[in-house]
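Step one of this worksheet: look at the structure below.
What follows is calculated from the coordinates using simple rules that are stated; it is not laboratory data. Everything numeric here is computed off the predicted structure, so don't read it as measured data. Every residue, glycine as well, gets a Cβ built from its backbone with ideal geometry; the counts of neighbours run over all protein chains shown.
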Amino acid sequence: MQALNYLGYTLTEMDRDLAEAERLIRHALKLKPGDGYITDSLGWVLFRRGQYKEAIATLENACKLKPEEAIIAEHLGDAYLRYSLRDKARRMYVRAVTLENDENNIVKIKEKITSIDSAASVQKSLDESRKPSSAINP
């Protein structure tokens, strides 16, 4: 079952034959239900297939099964971000940074946090500029 998961996840990462990747991962999950890594793989292939709502639910489950796994937290953050849940995404990325051991991955995840913070700052500036002057200076 690990080989099925590995092959399905690899296809997903390569963005190739996602339908087959999902089939392989679902088969692996039938062989080992409740496995956090396989559940993460399923959530990730759903994300890559554009099924964001289902991906979020699946990745949230994976995160409950394996709360100490940085990659699962990062995947969930990516799904939240794609679904425009920026605060939740940021929290998951911060969690992923605290769990991650690889410095290259930490840098990559911190860039995602910076991107969210920058977008929030721009949005705040836009919101401020749209307020009537009477709301700014009463």
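Summary table
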read-out	value
Among (1) in contact with a Phe, Trp or Tyr (Cβ under 6 Å, 6 or more places away or on another chain); (2) of a type in the set (Lys, Arg); (3) surrounded by fewer than 16 Cβ atoms within 10 Å (Cβ to Cβ), the one test that Lys88 misses	(3)
Pick from the range 18-54, criterion over 21 Å from Ala70 (Cα atoms) and of a type in the set (Asp, Glu), ranking: nearest to the chain's Cα centre (by Cα)	Glu22
Tally of residues being over 16 Å from Ile71 (Cβ atoms) and surrounded by 14 or more Cβ atoms within 10 Å (Cβ to Cβ) across the range 2-17	3
Residues that are among the hydroxyl-bearing types (Ser, Thr, Tyr) and buried (at least 24 other Cβ atoms within 10 Å of the Cβ), drawn from the range 36-78	Thr39, Ser41, Thr58
Selected residue (only one of Ile109, Ile72 is touching a Phe, Trp or Tyr at 6+ places or on another chain (Cβ under 7 Å), part of a helix (DSSP H, G or I) and not small (Gly, Ala, Ser))	Ile109
